[in-house]
Amino acid sequence: MRNLIILILLFTSVEVLAQDKPKTNPEFKRFVFQKNTGIEKRTYDSIYFDLSYPKSSTWVFKYTYKSSENEMIADDEYMESYEFEIPSPKGKSFVIKSKDFEKNKVIFNRSCFCPDAGLRQLYEGEIKGQLVKKDTWLIQFDVMILPRPGRQGEPIRKTFKGYFKQGTLVF
């Protein structure tokens, strides 16, 4: 009897160990800029808009963050991006202040299964860029994200920096 119990426990433990672990997609960060491209905002329903990237004399910088995902958890996907356009830089640095956020189309996008998802124009903060080597810019963000129009909530301050390399905006 004792041997039977040991055999049952042995087979049970082997079966538990043989089960697959849930797959997880890793966290993802992408810092990229594209020359001769602009941001076109197409407004609909008075406050919502979508974006396209037509050829232009300006440059567009875009940071994308995608959180890790577990395939065993429904609707845990989360992504956010920050992007802006500037005239082709003449020097080795630039600064965008709050008063120029709308002109430079400083855009925040949150994609998630949450009520505060979607694109929005940012209006407050500062973005600094410094050319650190050919086709690599160190960009520092210090921005305020207001709640989506029609939603209640407190503004959120985001500060981060990254090394942006030339590439394509859409992947």
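Each value in this text was obtained by applying a stated rule to the coordinates, not by laboratory testing. Here the structure is a predicted model, which means the values were calculated and not measured. Here the Cβ positions follow ideal geometry from the backbone for every residue, glycine too, while neighbour counts run over all protein chains shown.
Brief remarks follow.
- The long axis of helix 2-18 is offset from the longest Cα principal axis of the chain by roughly 20 degrees.
- Gaussian network model of the chain, Cα within-10 Å springs - most flexible of Thr58, Thr159, Thr43: Thr43
- All C-alpha pair distances within the range 21-166, sorted into 10 Å bins from zero, spread as 11, 38, 34, 15, 2, 0 percent across the bins.
- Given Lys66/Lys158; Lys55/Lys133; Lys41/Lys62; Lys90/Lys161; Lys62/Lys103, the pairs whose alpha carbons are separated by over 18 Å: Lys55/Lys133; Lys90/Lys161
- Cα-projected label distance for Asp75 with Asp116, points at 7 Å along beta-carbon direction, nm: 1.7
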